[in-house]
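The values are calculated or read from the model by the stated rules, or taken from the named source; none is laboratory data. This one's a predicted model, so the numbers in the text were calculated from it and none came from an experiment. Note that we place each Cβ from the backbone using ideal geometry, even for glycine, and neighbour counts take in every protein chain shown.
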Amino acid sequence: MIPPYKLSKLHPRQRVRKAALLFQEVESLLRQAEPARAASALVYACSLVSFLAGDEELPVPVREAAAAFPAAGALDPAAALRSVNSLRHLLLRESGQAPADWDFFDPLSGRPDPLVRRILPGTRAYLEDIRSPFNVGSIFRSSDAFGLEELLLSPGTADPGHPRAERSAMGATGLLAWRRADLEALREAAGAGEAVFALELGGEAIGSFDFPERGIVVLGSEELGVSAEALDLCTAGKVSIPMSGAKGSLNVGVAYGILLYAWSSHIRP
């Protein structure tokens with residue numbers, strides 16, 4: 001990481017943005033839980049905030065936040081991480097940058113181990129034309145959290161390898177079994193007696209829906225919902241989430257997370 005005084009060569013807005021990136025490196029080191037490197041990173045952070053606090057060309061909120069940053073010896077690791085994170089996001093705002101999903105860190109450290117996954121056997125989801133990589137990643141992450149066995153992705157569903165999908169999945173794209181499949185896969189599953197049901201408006205309320213022990217839930221596109229062709233294959237019915245708002249709809253990833261909680265609770269009361 002560069003010495004803080006070298007930031008003075010940059011335009012004030014670039015200075016703020018570069019400082020945010022430097023704090024991102026500090027935060028990454030603090031998250032690695034190596035005491036020596038974390039301590040060194042925190043010392044660097046204190047030298048950086050000292051520079052920012054005294055730079056009269058910077059916005060007042062930046063200087064005030066830097067001046068209020070605690071001394072290195074006054075912080076335990078958790079408090080240090082939160083202080084650095086708060087200052088980093090303030091710097092991003094002051095530089096005119098709206099937070100993006102790639103600006104966030106995974107809340108858990110280390111690499112996830114696929115061998116420790118607890119799977120609910122026979123539970124799958126079919127993603128029909130989910131166009132947003134962010135939503136695809138979110139669905140992977142929720143699927144891992146609740147122990148789904150496999151995801152089936154229609155040809156029109158976004159690539160799980162897209163950077164935004166990988167970022168929102170927080171490593172889950174490498175943990176779940178998944179494959180591309182057209183509606184014929186649903187037809188074969190239904191024909192073999194597997195329970196196929198849809199998460200869609202106009203179905204039975206989630207609180208009273210009779211969830212199968214094993215089966216496939218179908219998620220429709222963000223714009224058009226589940227297609228008529230897919231609904232015809234949902235022999236186990238439709239499930240809906242009752243809502244009270246004027247909008248009356250949820251992001252597909254949010255709705256899916258609610259459904260998975262209800263489904264997994266039914267299987268593992």
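A few remarks follow.
- Residues of the range 154-177 classified as under 19 Å from V226 (Cβ atoms), crowded, with 22+ Cβ neighbours inside 10 Å and in contact with a Pro (Cβ under 8 Å, 6 or more places away or on another chain), total: 0
- Listed conditions (1) over 23 Å from G137 (Cβ atoms); (2) modelled with pLDDT under 95 are all met by L231, apart from (2).
- Qualifying residue in the range 185-201 (condition: surrounded by 13 or more Cβ atoms within 10 Å (Cβ to Cβ), farther than 22 Å from G156 by Cα, under 26 Å from the mean Cα position of the chain (by Cα) and at pLDDT 95 or above): no
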